[in-house]
Amino acid sequence: MPLPSPLPFADVSEGIGVFDQEEILRAFAALPRPPYVLAAVGLAIGVVCGLTFARLVQDRLEGWKQDRLALLPLATLETVLPWAGLVIGVTLFIGAGLQVFGFAGGAALLVAFVLSVATAGALWVQLSRLMEQVQAGTFSAVDFDNFDRFF
């Protein structure tokens, strides 16, 4: 003799109430939409701040060539703000890109932030050393393959 259904008014094999099993699965296993807008915003911030930073460094070099203005210190407010904006923009772009490939939001942004800060810090150190060489007059060709002098 078959056992009675736990719910006398609903047959479990047909779904629960008026919902079928596929509708219930879609409601609880909804896939989030990829953050394409966040990637676009991050890319826009990164490009604008990167171009601003490049222009500021170029203006500083022009001022040094023409009037021998000081190149250093590089860490002034007018150069740090676009640099920080560049790091934030790249973080958002990489984080959103990782989310598109299935990473969780927090983990993707954390990995992107670590990558962005590490890369930006290494480039900041390299740029500072190049500016020191230019100001001292000992500037030679840049050798990116020589990693023992990179840091």
- Note on the structure: Listed by first then second residue, the pairs whose first member lies in the range 96-114 and is in contact (Cβ under 8 Å) with a residue 40 or more places away in the chain and under 11 Å from Pro35 (Cβ atoms), whose partner is hydroxyl-bearing (Ser, Thr, Tyr) and in a helix (DSSP H, G or I), with beta carbons under 8 Å and at least 6 positions apart or on separate chains, are Ala96/Tyr36; Val100/Tyr36
- Message: Here is a check on your reading of the model: is Leu72 farther than 20 Å from Val41 by Cα, free of Cβ contacts under 8 Å to residues at least 24 places away in the same chain and of a type in the set (A, V, I, L, M)?
- Response: no
- Note on the structure: From the option list Leu56, Leu98, Leu92, single residue qualifying as closer than 30 Å to Gly137 by Cβ and among the aliphatic types (A, V, I, L, M) is Leu56
- Reported set for the range 42-59 where residues are without any contact (Cβ under 8 Å) to a residue 60 or more places away in the chain, more than 15 Å from the chain's Cα centre (by Cα) and surrounded by 14 or more Cβ atoms within 10 Å (Cβ to Cβ) is Thr52, Phe53, Leu56
- Report, by residue number, each residue of the range 75-94 that is among the small types (Gly, Ala, Ser) and closer than 13 Å to Gly46 by Cα. Ala84, Gly85, Gly89
- Query: For the range 60-83, what are the residues that are of a type in the set (D, E, K, R) and surrounded by fewer than 13 Cβ atoms within 10 Å (Cβ to Cβ)?
  - Reply: Glu62, Lys65, Asp67, Arg68, Glu78
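No lab work stands behind these numbers, since they all come straight from the coordinates. Fair warning: this is a prediction, and the values are worked out from it, not measured in the lab. FYI the Cβ positions are ideal-geometry reconstructions off the backbone, even for glycines, and counts take in every protein chain you see.
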